[in-house]
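Everything on this sheet refers to the single structure shown next.
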Amino acid sequence: MGKTTDRRTIAQCVPSLAVTEGAGVTVHRSIGTPALHHLDPFLMLDYFNSDRPDEYIAGFPEHPHRGFNTFTYMLDGCMQHGDSMGNTGNLGPGDAQWMKAGSGVIHSEMPRQEDGLLRGFQLWVNLPAVEKMSPPAYQEVAAEDIPEVVREGVRVRVLLGEYADQQGPVQDAHTEVVYLDVTLSPGVSFDYDGIAEGATVFVYLFEGAAAVAGEHLAQHQLAVLAEGTVVNVTAGGSAARFLLVAGQPIGEPIVQQGPFVMNTHGEIKQAMSDYHHGRLVQERRITPSEDQS
Ligand code: FE
């Protein structure tokens, strides 16, 4: 039970870096930067947060992925998704989307708005070697299907994994990902001991001020947490909102080239060759042009 010594302290603090992605979208990247290339099993975390259309309107036109999963969580605004599996979907405020790229997907992610705030997260979760070339899959989750636990100044939206007997709508079969969106009222403390031993754990603060195990965390900083049994976050003088994410490390070599994440350089060469020869997508349901990336 949450003795002070069991609290997970901050092992590493990673500031996010503004980078330009897609056709010219400004994102704040924490995992996937020189300070933190990967955080096994996580490959990338982007936070997009802008009310300036010139920072997002160009969107993410058709581009490929192979070898991992993406999880997109919209906070504000609307994005439209279309992919080579034949899926089309609209992501609105509070909606989420899990996509297993597996052997290969070509998709587009475009803003469905001309102005206003566009805000959300995209997390890349690696796949073990045996799954990298498996068939792609897609799951869209409407905001109302995401369980919300509200009590004593704490609101938790359970997107993946489990919290207070609530099961998230997405289950990750390989790395047991836990993904919680937590809002705390000013001064309120939050404890969570439901994370499995050996898991990689991080907290990303995106509203307000908070301390992790008593240590101040600045906004847009990702805190990698040390071993322990309890995640402890306390809001400061204003309400705090953060992602709490965990997953089991895969422990395999990672070779990444842009949107392809495999285990060896040979597999990356293969992915690039497959893409350039129109063989990345094994079962095409729509025919996006492959000359954009
Ligand atoms: Fe993508």
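The values are calculated or read from the model by the stated rules, or taken from the named source; none is laboratory data. Just so you know, these numbers come straight off a predicted model, no measurement behind them. With ideal geometry, Cβ positions are generated from the backbone for all residues, glycine too; neighbour counts draw on all protein chains shown. Areas reflect the complete protein model, heavy atoms only, side chains present, ligands, DNA and RNA absent. Shrake-Rupley method; radii C 1.70, N 1.55, O 1.52, S 1.80 Å.
Within the set of other residues whose C-beta is less than 15 Å from the C-beta of D95, count the net charge using Lys and Arg as +1 and Asp and Glu as -1.
Details: positive: R112, R119, R157; negative: D76, E109, E140, E144, D145, E148, D181.
Every neighbour counted, the sum reads -4.
Overall, the accessible surface of the chain at a probe of 1.4 angstrom is composed of carbon and sulfur to the extent of 49 percent. Per residue, the accessible area of the chain comes to 42 Å² when a 1.4 Å probe rolls over the protein heavy atoms.
Determine Rg/Rh for segment 4-276; Rg is computed over alpha-carbon atoms and Rh is the Kirkwood hydrodynamic estimate from the same atoms.
Details: Rg = 17.9 Å, Rh = 18.9 Å.
That ratio equals 0.95.
Taking Cα atoms only, the orientation of helix 265-276 departs from the longest principal axis of the chain by about 60 degrees. Protein-only accessible surface at a 1.4 angstrom probe places the residues T88, T26, T33 in the order T88, T26, T33, largest first.
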